[in-house]
Amino acid sequence: MKGTRLHMTDVSGISTPVESARTDDVVRLTAAATAAAIAAGELSAEEATLAALDRIAKVDDAVHAFLHVDAEGALATARAVDARRAAGERLGPLAGVPLALKDVFTARGMPTTCGSRILEGWRPPYDATVVSRLRAADVVILGKVNMDEFAMGSSTENSAYGPTRNPWDLTRIPGGSSGGSAAAVAAFEAPLSIGTDTGGSIRQPAAVCGLVGVKPTYGGVSRYGLVAFSSSLDQAGPITRTVADAALLHAAIAGHDPLDSTSVELPVPPVVEAAARRDIRGMRVGVVRELAGEGYDPGVQAAFDAAVAELAGLGAEVVEVSCPHFTYAMAAYYLIAPSECSSNLARFDAMRFGLRAGDDGRAGAEEVMSRTRDVGFGAEVKRRVMLGTYALSSGYYDAYYGQAQKVRTLISRDFAAAYEQADVLVSPTTPTPAFPIGDKVDDPVAMYLSDLCTIPSNLAGGPAMSLPSGLVAGLPVGIQIMAPAFADDRLYLVGGALEAALDARRGHALLDEAPTL
Amino acid sequence: MAITRDEVANLARLSRMSLSSAELDALAPQLEAILGAVARVAEVAAADIPPTSHAVPLTNVFRADVTRPSLPVADVLAGAPAAEEGRFRVPRILDPEE
């Protein structure tokens, strides 16, 4: 690519001439533009991969997004893509594009730690379905990225391997639990990442890192090979820099999988087409009254109000809706998710995989199990396992877990009533911008408030997107768009239109304002 | 919503985690604070509301009962803490005193 004149097409269709083949330029391309350049022969997949690996080498000491970099595997995939292109094969829409994979998915040839000591060094013997689909789409998996241990947290401080830092301000959290995913994409280490979202773990990090993050409809993306935290809530989805890139990645990983019995046999919503349409005239946008007010940073509210005004300017009809039980969503979530996790994490028993501690030849299996789980699990995992054990105990079950399940029903009913009045719902994604690392580690309840706006969609199962709405004192914040189950395309329709309008008003993408690392 | 240190110790035992004394001391007030926050669900009048365990109402998902190859034993045991003769090697599960 050296010395050649490249024409790289960005998602809005504007051709940008690139004079030199500098790594800095390549890593700033969107996934769509990277794939287009590769397909056109203007860039090789190997060059794109080397550029990403160079960038990781340059900035990841500061950001600490990656737990494992598989340079060899990534380059082998990239070279295979280049060989197939040279042989005249037609390539898919993400062929040769680098991706950072959250370390909660199993992938052969790499360790899977889930950010936990209990799985340190474990190499899974099979690929998650999400990973199989990424491989089938010729996506280049660069390696595994950091996360809160077993996806429990909102800051990535709960990783046993140290915190990840927000590329906008290295003293602040990148959100969580998919903080490594968001930091990698915001630091231009990869244009794509896959995260998981149980209570907001894709959308909250996307919001505080200035990115697009989507939690698809529950059942839309297979959970096979996704190490379970809370099985009725966990869902995998994209974290990217643009709505169009998110749509391409969503389309690549979604669809029915017989290996996940909760995966739904329905066609994947037309997300890629919706992202490009940009016409939302006449759409009804419902502002959720309960997701505002006390605890919401005035700057977050102002950026949200401006984004809503932009939607109205695009011809959407803005209405206010009320979802009275959303105020109980956090309480219900912190009973349901810990209950499911206390059961799911029972599999970490020191017998079949991962860490075994205290096996001195005299201690029995239960003793070894208890010692291993004490040294293998971090503080937040222990809190949640014990909280779940408590909520499921006889005598407390009806008052806690049972009551939380009923509140879950009422939250779904609130959504259903709101969708009578609106096609999509909107709210801020998070009540505040990213907070400083260390600020809330000793105050779990304060930390849990980070997910106030995102939890309802997990409980009801519908899809939701976070999109950058603006900056508050130099830190990015997001607007959340929610849609009814299996209407994921509506997120992309509204998100694509809003992104284009906000970028046009600003004159550039929000991420262009991020500090150069 | 008081939760005593003994209750925390019992939860740790049920959860199979041999927590240190310092951990028990730290966890008791934290669990109490969290339980205080989540106990708000009791404020909702929901006596006649059916519970939701799952967002997608699926029941009895079946697949054809056909044999397929399992994972290679060597690959699986490669990730085990200890293995012997093609099996997981585990600490004793019976008490020698019994």
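The values are calculated or read from the model by the stated rules, or taken from the named source; none is laboratory data. The shown structure was predicted, so the numbers you read here are calculated from the model rather than taken from an experiment. No Cβ is skipped: glycine too gets one built from the backbone with ideal geometry, and neighbour counts run over all protein chains shown.
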Item checked: Neighbours by Cβ (under 8 Å, 6+ apart or cross-chain): first from region A:486-509, farther than 13 Å from A:ALA244 by Cα and not assigned by TED's automatic domain parsing to the domain that holds A:ALA303; second surrounded by fewer than 24 Cβ atoms within 10 Å (Cβ to Cβ) and among the β-branched types (Val, Ile, Thr) -> none
Next item on the list: Looking only at region A:436-449, count how many residues are within 12 Å of another protein chain (Cβ to nearest Cβ) and either in contact with a helix residue (DSSP H, G or I) (Cβ under 6 Å, 6 or more places away or on another chain) or under 18 Å from A:MET330 (Cβ atoms) (or both).
Entry: 7
Check: Which of (1) more than 11 Å from chain B (Cβ to nearest Cβ); (2) part of a loop (DSSP other than H, G, I, E, B); (3) not hydroxyl-bearing (Ser, Thr, Tyr) does A:GLU265 not meet, given it meets every other one?
Finding: (1)
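When region A:239-258 is examined, which residues are found to be within 14 Å of chain B (Cβ to nearest Cβ) and at pLDDT 95 or above?
Answer for region A:239-258, where residues must be within 14 Å of chain B (Cβ to nearest Cβ) and at pLDDT 95 or above: A:HIS256, A:ASP257.
Being modelled with pLDDT of 95 or more, assigned to a loop (DSSP other than H, G, I, E, B) and away from every other protein chain (no Cβ under 14 Å) narrows it down to one residue among A:ASP138, A:ASP127; which is it?
On the way: A:ASP127 fails: away from every other protein chain (no Cβ under 14 Å).
It is A:ASP138.
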Checklist line | Residues being touching a helix residue (DSSP H, G or I) at 6+ places or on another chain (Cβ under 6 Å), closer than 19 Å to A:ALA346 by Cα and among the charged types (D, E, K, R) - total across region A:108-152 | finding: 2
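Yes/no matrix, rows are residues, columns are (1) over 11 Å from A:ALA434 (Cβ atoms); (2) within 11 Å of the chain's Cα centre (by Cα); (3) surrounded by 24 or more Cβ atoms within 10 Å (Cβ to Cβ):
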{"residue": "A:GLU157", "(1), (2), (3)": "yes, no, no"}
{"residue": "A:TYR161", "(1), (2), (3)": "yes, no, no"}
{"residue": "A:THR164", "(1), (2), (3)": "yes, no, yes"}
{"residue": "A:ARG172", "(1), (2), (3)": "no, no, no"}
{"residue": "A:SER178", "(1), (2), (3)": "yes, yes, yes"}
{"residue": "A:SER181", "(1), (2), (3)": "yes, yes, yes"}
{"residue": "A:ALA190", "(1), (2), (3)": "yes, no, yes"}
{"residue": "A:GLY195", "(1), (2), (3)": "yes, yes, yes"}
{"residue": "A:THR198", "(1), (2), (3)": "yes, yes, yes"}
Note to self: If I ask for residues that are out of contact with any strand residue (DSSP E or B) (no Cβ under 7 Å at 6 or more places or on another chain) and in a loop (DSSP other than H, G, I, E, B), which ones from region A:293-321 would you list?
What the structure shows: A:GLY293, A:GLU294, A:GLY295, A:LEU314, A:GLY315
Next item on the list: Identify the single condition in (1) of a type in the set (S, T, N, Q); (2) over 21 Å from the mean Cα position of the chain (by Cα); (3) within 7 Å of chain A (Cβ to nearest Cβ) that B:SER15 does not satisfy, given that it satisfies every other one.
Entry: (2)
Check: Residues in region B:53-91 that are facing chain A (nearest Cβ under 7 Å), exposed (fewer than 10 other Cβ atoms within 10 Å of the Cβ) and within 20 Å of A:ALA350 (Cα to Cα): how many?
Finding: 0
Check: Which number in (1) within 23 Å of the chain's Cα centre (by Cα); (2) β-branched (Val, Ile, Thr); (3) at pLDDT below 95 marks the one condition that B:VAL61 misses?
Finding: (1)
Checklist line | Exclusive hit being modelled with pLDDT under 95 and either over 13 Å from A:ALA307 (Cβ atoms) or in the same structural domain as A:THR156 (by TED's automatic domain parsing) (or both), set A:ASP423, A:ASP442 | finding: A:ASP442
Check: Under the condition of being touching a Ser or Thr at 6+ places or on another chain (Cβ under 9 Å) and in a helix (DSSP H, G or I), which residue from region A:226-246 is nearest to A:ALA332 (Cα to Cα)?
Finding: A:ALA246
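The rows are residues; the columns are (1) in contact (Cβ under 8 Å) with a residue 24 or more places away in the chain; (2) within 25 Å of the chain's Cα centre (by Cα).
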{"site": "A:ASP398", "(1), (2)": "no, no"}
{"site": "A:TYR401", "(1), (2)": "yes, no"}
{"site": "A:THR409", "(1), (2)": "no, no"}
{"site": "A:SER412", "(1), (2)": "yes, yes"}
{"site": "A:GLU420", "(1), (2)": "no, no"}
{"site": "A:SER427", "(1), (2)": "yes, yes"}
{"site": "A:ALA434", "(1), (2)": "yes, yes"}
{"site": "A:GLY438", "(1), (2)": "yes, yes"}
{"site": "A:VAL441", "(1), (2)": "yes, yes"}
Item checked: Of residues in region A:181-212 being polar (S, T, N, Q) and part of a helix (DSSP H, G or I), the one farthest from A:VAL130 (Cα to Cα) -> A:GLN204
Item checked: Test: residue in region B:30-52 that is more than 10 Å from chain A (Cβ to nearest Cβ) and over 28 Å from A:THR106 (Cβ atoms) -> yes
Check: When region A:288-304 is examined, which residues are found to be out of contact with any helix residue (DSSP H, G or I) (no Cβ under 6 Å at 6 or more places or on another chain) and surrounded by 16 or more Cβ atoms within 10 Å (Cβ to Cβ)?
Finding: A:VAL288, A:LEU291, A:ALA292, A:TYR296, A:ASP297, A:GLY299, A:VAL300, A:GLN301, A:ALA303, A:PHE304
Margin query: Can you go through A:ALA346, A:ALA399, A:ALA417, A:ALA312 and tell me which one is in contact with a helix residue (DSSP H, G or I) (Cβ under 8 Å, 6 or more places away or on another chain) and on the phi < 0 side of the Ramachandran plot?
Written below: A:ALA399
Check: Would you call A:TYR328 buried (at least 23 other Cβ atoms within 10 Å of the Cβ), more than 7 Å from chain B (Cβ to nearest Cβ) and not in a loop (DSSP other than H, G, I, E, B)?
Finding: no
